[in-house]
1. Of all residues in the range 289-312, how many are in a loop (DSSP other than H, G, I, E, B), within 18 Å of residue 252 (Cα to Cα) and of a type in the set (S, T, N, Q)?
2. Being at pLDDT below 90, in a loop (DSSP other than H, G, I, E, B) and surrounded by 14 or more Cβ atoms within 10 Å (Cβ to Cβ) narrows it down to one of 337, 393, so name that one.
3. Can you pull out the strands (runs of 3 or more DSSP E) entirely within the range 22-128 that have at least 3 residues that are at pLDDT 90 or above, closer than 22 Å to residue 138 by Cα and open to solvent by less than 70 Å² (accessible area, probe 1.4 Å)?
4. In contact with a Cys (Cβ under 7 Å, 6 or more places away or on another chain) and farther than 18 Å from residue 378 by Cα - does that describe any residue in the range 317-324?
5. Quick check on my filter: what residues within the range 152-196 are at pLDDT 80 or above and either in contact with a helix residue (DSSP H, G or I) (Cβ under 7 Å, 6 or more places away or on another chain) or among the aliphatic types (A, V, I, L, M) (or both)?
6. I'd like to check something: does the range 297-306 contain any residue that is of a type outside the set (Phe, Trp, Tyr), open to solvent by less than 40 Å² (accessible area, probe 1.4 Å) and either within 21 Å of residue 240 (Cβ to Cβ) or touching a Phe, Trp or Tyr at 6+ places or on another chain (Cβ under 9 Å) (or both)?
7. Check off (1) under 28 Å from the mean Cα position of the chain (by Cα); (2) open to solvent by less than 70 Å² (accessible area, probe 1.4 Å) for residue 323 and give me the number that stays unchecked.
8. Mind counting the residues in the range 313-327 that are assigned to a loop (DSSP other than H, G, I, E, B) and of a type outside the set (Asp, Glu)?
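The values are calculated or read from the model by the stated rules, or taken from the named source; none is laboratory data. Computed from a prediction, not measured in an experiment: that's the story for all the values here. Because the Cβ atoms are built from the backbone with ideal geometry, glycine has one as well, and the counts that use them run over all protein chains shown. Note: accessible area is taken over every heavy atom of the protein model, side chains too, but ligands, DNA and RNA are not part of it. Shrake-Rupley method; radii C 1.70, N 1.55, O 1.52, S 1.80 Å.
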Amino acid sequence: MLNLMEINTLENDTGKVVRVLLVDDEESYRNAIARRLERRNMVVSQAPDGTSCLEYLSGNETDVVVLDMKMPGMSGMETFKTINKYYPGLKVIFLTGNAAVAEGVEGIKTGAFDYLSKPVEIDHLAGKIRQAWELKRLEAARERDKIFRRRLEKRMIHTQRLASLGTMSTGIAHEINNPLAIIKESAGFMRMVIEDSGQIPEKEMLFKGLEKIEKSVDRARRITHQLLGYVRKHGHEMTPVDIRQLTEDTVVLIKQKTQAKKVSVQWDTESEHQMLMHTDPFQVRQVLINLLENAVDAVDTNGQIRLALYRKDQSVCLEVRDNGSGITPENMKQIFDPFFTTKPNVAENESGTGLGLFVVHKIITGLSGSIHVESEPGQGTTFKICLPEWQSD
């Protein structure tokens, strides 16, 4: 048998080491075949019967099984049927006696790779094992290709939908902005008339109604502006940026919101440490505002937000971690979809447009970066964005 160092050497030298399990109840015959196969750069393990074979397969990677048809206890065919059920990609070569050729043919009909009659010619057996191994590799590659194609098709469909959304959003946003302006102007005129009037019934109720109209108009405008901001093709304005200072400035921008909920924002890295990079500060600031405001919305009163900043693989990474309610696995799949939101009372919520993380994702990917999310319901959420240290204009 080959030792671990010899196996590693073979893998490094050839990259084509075949892992074979030889199953035969004749120990001397089994040992002789194993030694000769090992001289041909194969890693051979042995099992004396079908039960031992299945036990070995349950805990060890194997490429090809060379299986004797006639064994005490569980027969070769019974063993093969179990292998075929639980290890469908595994290739099996039967060894049969001269009088049991019909059984070998039957094995091929039920899915075995091939059969050889004893006594076997060792080079013939080694050749069959190599063929079976190459077929296994080819089938695995085809399966990987299928998985890749399915993922690519899904990504293409998603891209096409986003392109359609961009075209549709531009038209819708422009069409909606016109009636919004009329509604806003009319509401302002009505407010002026009511204010100049004397005592009229339900005056306070009328003011409340106008306030709801004006808030709804403002919210609708924010949505259309976000849509237009996404679909417009602005060029990146790359410049040297201290990402640490930019983040701290953004924290100041949302100070009113954090103070209202008594939320603390703290760094996990030293405050005096600078982090210079070359990127678009305006787009990065938009990302930071969205992530920080989402974190504030997610935590309860007296909640905590922690920030971490570090370099990794020629990128600058920022983590925004909160101790809020977290995100369920079901919602995790949709958080970057446009118009998806879990915020309550969206109609009354000024920030709950469902576009924030959608825009964040597009900005980060547009800047050749990445964004990852880790969350557990009730345990909080961590958003990690990574951007290249240097980007050309």
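1. Number of matching residues: 1.
2. Working: 393 fails: surrounded by 14 or more Cβ atoms within 10 Å (Cβ to Cβ).
Residue meeting the stated conditions: 337.
3. Passing ranges, in order: 42-47, 64-68, 91-96.
4. The answer is yes, given that some residue of the range 317-324 is in contact with a Cys (Cβ under 7 Å, 6 or more places away or on another chain) and farther than 18 Å from residue 378 by Cα.
5. Taking the range 152-196 and keeping what is at pLDDT 80 or above, we get 179-196.
Correct list: 180, 181, 182, 183, 184, 187, 190, 191, 192, 193, 194.
6. Checking the range 297-306: not a single residue is of a type outside the set (Phe, Trp, Tyr), open to solvent by less than 40 Å² (accessible area, probe 1.4 Å) and either within 21 Å of residue 240 (Cβ to Cβ) or touching a Phe, Trp or Tyr at 6+ places or on another chain (Cβ under 9 Å) (or both).
7. (2)
8. Total satisfying the criteria: 6.
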